[in-house]
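Engineer: Have a look at this one.
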Amino acid sequence: MSITPVVAAGDLCLPSIGLLADDLLQAFATGDAVRLDLSAVTAPDLSVVQLVESARRTARDDGRDFALAAPVGAPFRALLARAGFTPASDDDAAFWFHGDSAQ
């Protein structure tokens with residue numbers, strides 16, 4: 001199966017989240033596995049977490065292959081902690097941190 005990459009970068013927040021949502025919709029429409037790369041996002045806000053969690057659940061419910069291309073970095077780790085996503089369940093740790101400790 002092919003993989004469709006989706007790359008996000010820079011300040012990713014509510015005013016620009018629609019662009020990422022559109023990119024994800026287009027990627028899912030291909031029927032390929034989707035890998036979301038958040039490694040170049042420098043200033044995420046909670047809208048990113050909400051969108052990614054929504055995409056994650058939709059993919060799971062539809063039997064689609066969706067994952068992050070790499071574990072999230074420090075900006076996301078701090079955001080997830082502030083949003084109450086850490087300590088993460090095993091499933092959440094596998095998704096957001098690729099199994100690494102959320103600490």
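Engineer: Any idea which of VAL41, VAL52, VAL34 is of a type in the set (Val, Ile, Thr), touching a Leu at 6+ places or on another chain (Cβ under 6 Å) and crowded, with 19+ Cβ neighbours inside 10 Å? Break it down stepwise before answering.
Structural biologist: Working: VAL52 fails: touching a Leu at 6+ places or on another chain (Cβ under 6 Å); VAL34 fails: touching a Leu at 6+ places or on another chain (Cβ under 6 Å).
On inspection, the qualifying residue turns out to be VAL41.
Engineer: Sticking with this one: For the subset of region 1-18 comprising residues that are open to solvent by 40 Å² or more (accessible area, probe 1.4 Å) and modelled with pLDDT of 95 or more, which member is farthest from GLY73 (Cα to Cα)?
Structural biologist: The extreme case among them is SER2.
Engineer: Let me ask something additional. For region 55-68, name all the residues that are closer than 19 Å to GLY99 by Cα, of a type in the set (A, V, I, L, M) and crowded, with 18+ Cβ neighbours inside 10 Å. Outline the logic, then answer.
Structural biologist: The initial filter retains those residues of region 55-68 that are closer than 19 Å to GLY99 by Cα, namely 56-57, 60, 65-68.
Add one more test, that the residue is of a type in the set (A, V, I, L, M), and what stays is 67-68.
Result: LEU68, single match.
Engineer: From the list THR58, THR42, THR30, exactly one residue is without any contact (Cβ under 8 Å) to a residue 60 or more places away in the chain, out of contact with any Lys or Arg (no Cβ under 9 Å at 6 or more places or on another chain), β-branched (Val, Ile, Thr) and closer than 27 Å to SER2 by Cβ. Which is it?
Structural biologist: THR30
Engineer: What are the residues in region 22-31 that are loosely packed, with under 14 Cβ neighbours inside 10 Å and either among the hydroxyl-bearing types (Ser, Thr, Tyr) or closer than 19 Å to TRP96 by Cα (or both), if any?
Structural biologist: Of the residues in region 22-31, the ones loosely packed, with under 14 Cβ neighbours inside 10 Å are 22, 25-26, 29-31.
Result: THR30, single match.
The values are calculated or read from the model by the stated rules, or taken from the named source; none is laboratory data. Bear in mind that the values here come from a model prediction, so they are computed numbers and not experimental data. Please note: Cβ atoms are built from the backbone with ideal geometry, for glycine as well, and neighbour counts cover all protein chains shown. Accessible surface areas use protein heavy atoms only, side chains included; no ligands, DNA or RNA. Shrake-Rupley method; radii C 1.70, N 1.55, O 1.52, S 1.80 Å.
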